[in-house]
1. For the range 37-79: of the residues being among the basic types (Lys, Arg) and over 19 Å from the mean Cα position of the chain (by Cα), which is modelled with the highest pLDDT?
2. State which residue pairs qualify: first residue over 15 Å from Glu67 (Cα atoms) and inside the range 83-96, second residue among the aliphatic types (A, V, I, L, M) and not in a loop (DSSP other than H, G, I, E, B) in any location, beta carbons under 7 Å apart, and separation of 6 or more residues or different chains.
3. So, in the range 1-49, exactly how many residues are part of a loop (DSSP other than H, G, I, E, B) and out of contact with any Lys or Arg (no Cβ under 8 Å at 6 or more places or on another chain)?
4. Out of all the residues in the range 6-51, which are closer than 30 Å to Phe76 by Cα and hydrophobic (A, V, I, L, M, F, W, C)?
5. Examine the range 20-36 for a residue that is in contact with a Phe, Trp or Tyr (Cβ under 6 Å, 6 or more places away or on another chain) and modelled with pLDDT of 85 or more, and state whether such a residue exists.
Amino acid sequence: MVDGRYVVRIRNRKNNTEAYLVWSETARTEFDRGQAVKKEKMERDARIRADNADGNALIFERNLAGETTASLARGFNLSPTAIGNICAKQARIERR
């Protein structure tokens, strides 16, 4: 921090070059806010993936119990092809 401003080094590893930017306090605050939003989105996406894993297991179990892909597709608002893909993926997971 120099004179109330932030000096930021940006390194491009692909080109092996460096650039320096001078940020004000507001620019730094905006950057931090953007990083916080990205972190929240990543955490939300992780929770959604966990929920999807539970839902996928439920779809697979119901399919094994004899429910058709068409009826599962209507119940979960997915296409029958997507239901088939979910069941195939879950079958691979179950085999491990």
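The values are calculated or read from the model by the stated rules, or taken from the named source; none is laboratory data. Small disclaimer: the values here were computed from a predicted structure and weren't measured. Every residue, glycine among them, receives a Cβ derived from its backbone with ideal geometry; neighbour counts consider all protein chains shown.
1. Filtering the range 37-79 down to residues among the basic types (Lys, Arg) leaves 38-39, 41, 44, 47, 49, 62, 74.
Applying the additional criterion that residues be over 19 Å from the mean Cα position of the chain (by Cα) yields 62, 74.
Numbers: Arg62: 93, Arg74: 90.
Checked the range 37-79; the qualifying residue modelled with the highest pLDDT is Arg62.
2. As it stands, the answer is Gln90/Ala57, since those pairs meet every condition given.
3. Quick first cut of the range 1-49, residues part of a loop (DSSP other than H, G, I, E, B) only: 1, 3-4, 13-16, 24.
Checking the rest, the ones that are also out of contact with any Lys or Arg (no Cβ under 8 Å at 6 or more places or on another chain) come to 1, 3-4, 13-16.
Result for the range 1-49: 7.
4. Taking the range 6-51 and keeping what is closer than 30 Å to Phe76 by Cα, we get 37-51.
Across the range 6-51, the qualifying residues are Val37, Met42, Ala46, Ile48, Ala50.
5. yes
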